[in-house]
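The values are calculated or read from the model by the stated rules, or taken from the named source; none is laboratory data. Note that the structure is a prediction, hence the values are computed from the model and not measured. Using ideal geometry, Cβ is built from the backbone for each residue, glycine included, and neighbour counts are taken over all protein chains shown.
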Amino acid sequence: MARINDHYRKLAAGYLFPEIGRRVKAFAGAHPDAKIIRLGIGDVTLPLVPAVVDAMRRAVEEMGTAAGFRGYAPEQGYEFLLDAIREHDYASRGIAVERDAVFVSDGSKQDSGNIQEIFGHEVRIAVTDPVYPVYVDTNVMAGRTSAADERGYYGGILYLPASEANGFVPDPPAERADVAYLCFPNNPTGAVATREQLVRWVAWARDADAVLIYDAAYDAYIQDPAIPRSIYEVPGAESCAIEMRSYSKRAGFTGVRCAYTVIPKGVTGTTAAGDRVALQTLWARRQATKFNGVPYVIQRGAWATHSPAGKKQTAEQVAFYMENARRLRGGLTSAGFHVFGGVHAPYIWMRVPAGMTSWGFFDELLAKANVVGTPGAGFGPAGEGYLRLSAFNSRANVDEALERIRRGFGS
Ligand SMILES: *Cc1c(COP(=O)(O)O)cnc(C)c1O
């Protein structure tokens, strides 16, 4: 008898995006002439930049020669990519990262979902609310929680509300937690943490002997040089923080797949007997057992984003999306909406009209403007009352969506 992992049955029934897909499909079926604009799922829309395409093409050619062929990639990544990451993402900002600390992977979704495996069953995790669902769901699957209550909170997880009152950046908790997931710039709220706020988080983690898992998937969208792109810009983070970054949003790699996780040697956990163990060693063991590396061609593509041409071309893409975000913010504000985010992140977090739920507003936005957003409630109970719009689209679609929202909802 193949007993299933019963913890999977605790997961909230419909995953957010399939439910959105179902509603959009039903609407499109009933209104075949509607030209639907999708500002829902956070996926990039611009093609790969020439520097990346050239590097990948050359890598494919190499692989077709006896001298250039390569089989399994080194477990943690090719040195050319590890060193490009260390130099361009860290040393350039005054941060020393050792080569052993960098683990190239096929995605931050995987890494942020898998990292919980190296922690004990009994650790108490803390998440912001709303939150990227992967952090919560993977801990539910691993059995660290009880079933969700009627509001959607899983027992055993410490939820830290991100609200207008705290600018969507919660303070560290007074209650005990062992592992805290942070994501800045934030998906879904678009909020970004200041240096002072990150200093408080690092101080809390060191004090509580906790580990921070810092998801910086949107680091390239930060516009203000005073805002840290990396948690390691805060002194002390090298002894308590794991950082994840991805080429998905910074270089349009959502379909190419390349990311990395940094675990400095000084980040430790304890055994049952109270001995300290470097998490880097555990993650290296985990990856060596369950992962066979990112393809050479893909790593060459990621490497090319760090070249002068690659940097310039990918920065232009980010600037293009950020202009969309700027228009969304301005247009929605002048239509009378309260909007947040969109300044250091490609997401706009808008308050839904008074008296409406986020799913109710989702339906109305679809019906009146034929625009698809993402209901805030899908990211956690504190997301109720908000809707996320993504800046990943063409300029024409963004302008058209705004025009329709103005017509449908404008005051
Ligand atoms: C898009 C995104 C990622 C990136 O995931 P990949 O698997 O690298 O594509 C990671 N974290 C958050 C919060 C995201 O929104």
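What to note about this one:
- Just one of the numbered conditions (1) part of a strand (DSSP E or B); (2) surrounded by fewer than 24 Cβ atoms within 10 Å (Cβ to Cβ) is not true of Val343: (1).
- Residues being under 19 Å from the mean Cα position of the chain (by Cα) and either aliphatic (A, V, I, L, M) or more than 16 Å from the ligand (Cβ to nearest atom) (or both) - total across region 171-196: 7
- Conditions (1) buried (at least 23 other Cβ atoms within 10 Å of the Cβ); (2) at pLDDT 95 or above; (3) not basic (Lys, Arg); number of the one not met by Asp363: (1)
Table: residues versus (1) within 21 Å of the chain's Cα centre (by Cα); (2) within 22 Å of Arg257 (Cβ to Cβ).
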{"residue": "Ile4", "(1), (2)": "no, no"}
{"residue": "Val24", "(1), (2)": "no, no"}
{"residue": "Gly42", "(1), (2)": "yes, yes"}
{"residue": "Ala51", "(1), (2)": "no, yes"}
{"residue": "Glu61", "(1), (2)": "no, yes"}
{"residue": "Tyr72", "(1), (2)": "no, yes"}
{"residue": "Ala84", "(1), (2)": "no, yes"}
{"residue": "Ser92", "(1), (2)": "no, no"}
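- Scanning region 249-286 for residues that are more than 16 Å from the ligand (Cβ to nearest atom) and assigned to a helix (DSSP H, G or I) turns up Leu279, Gln280, Thr281, Leu282, Trp283, Ala284, Arg285, Arg286.
- Any chance Lys290 is surrounded by fewer than 15 Cβ atoms within 10 Å (Cβ to Cβ), assigned by TED's automatic domain parsing to the domain that holds Asp83 and either at pLDDT 95 or above or more than 12 Å from the ligand (Cβ to nearest atom) (or both): yes
- Applying the criterion of at least 2 residues that are within 16 Å of the ligand (Cβ to nearest atom), at pLDDT 95 or above and in the same structural domain as Ser358 (by TED's automatic domain parsing) to the strands (runs of 3 or more DSSP E) found wholly in region 85-162 leaves an empty list.
- Any chance Val53 is in contact with a helix residue (DSSP H, G or I) (Cβ under 6 Å, 6 or more places away or on another chain) and surrounded by fewer than 20 Cβ atoms within 10 Å (Cβ to Cβ): no
- Among the conditions (1) at positive phi; (2) out of contact with any strand residue (DSSP E or B) (no Cβ under 9 Å at 6 or more places or on another chain); (3) away from the ligand (no atom under 16 Å from the Cβ), the only one that Asp209 does not satisfy is (2).
- In region 147-158, the residues that are of a type in the set (A, V, I, L, M, F, W, C) reach residues that are outside any loop (DSSP other than H, G, I, E, B) and crowded, with 16+ Cβ neighbours inside 10 Å with C-beta atoms within less than 6 angstrom, at least six apart or across chains, in these pairs: Ala147/Lys10; Ala148/Tyr154; Ile157/Ile125; Leu158/Ala126.
- Out of Asp100, Asp111, sole residue that is among the charged types (D, E, K, R), in contact with a strand residue (DSSP E or B) (Cβ under 7 Å, 6 or more places away or on another chain) and touching a residue at least 12 places away in the same chain (Cβ under 8 Å): Asp111
- Residue, surrounded by the fewest Cβ atoms within 10 Å (Cβ to Cβ), within region 231-248, restricted to residues that are over 15 Å from Ala180 (Cβ atoms) and within 16 Å of the ligand (Cβ to nearest atom): Ser248
- Residue count for region 356-386, restricted to those that are assigned to a helix (DSSP H, G or I) and not basic (Lys, Arg): 18
- Every residue from region 68-84 that is acidic (Asp, Glu) and part of a helix (DSSP H, G or I): Glu79, Asp83
- You will find that of Gly14, Gly77, the residue that is modelled with pLDDT under 95, among the small types (Gly, Ala, Ser) and either closer than 30 Å to Val371 by Cβ or surrounded by 15 or more Cβ atoms within 10 Å (Cβ to Cβ) (or both) is Gly14 and no other.
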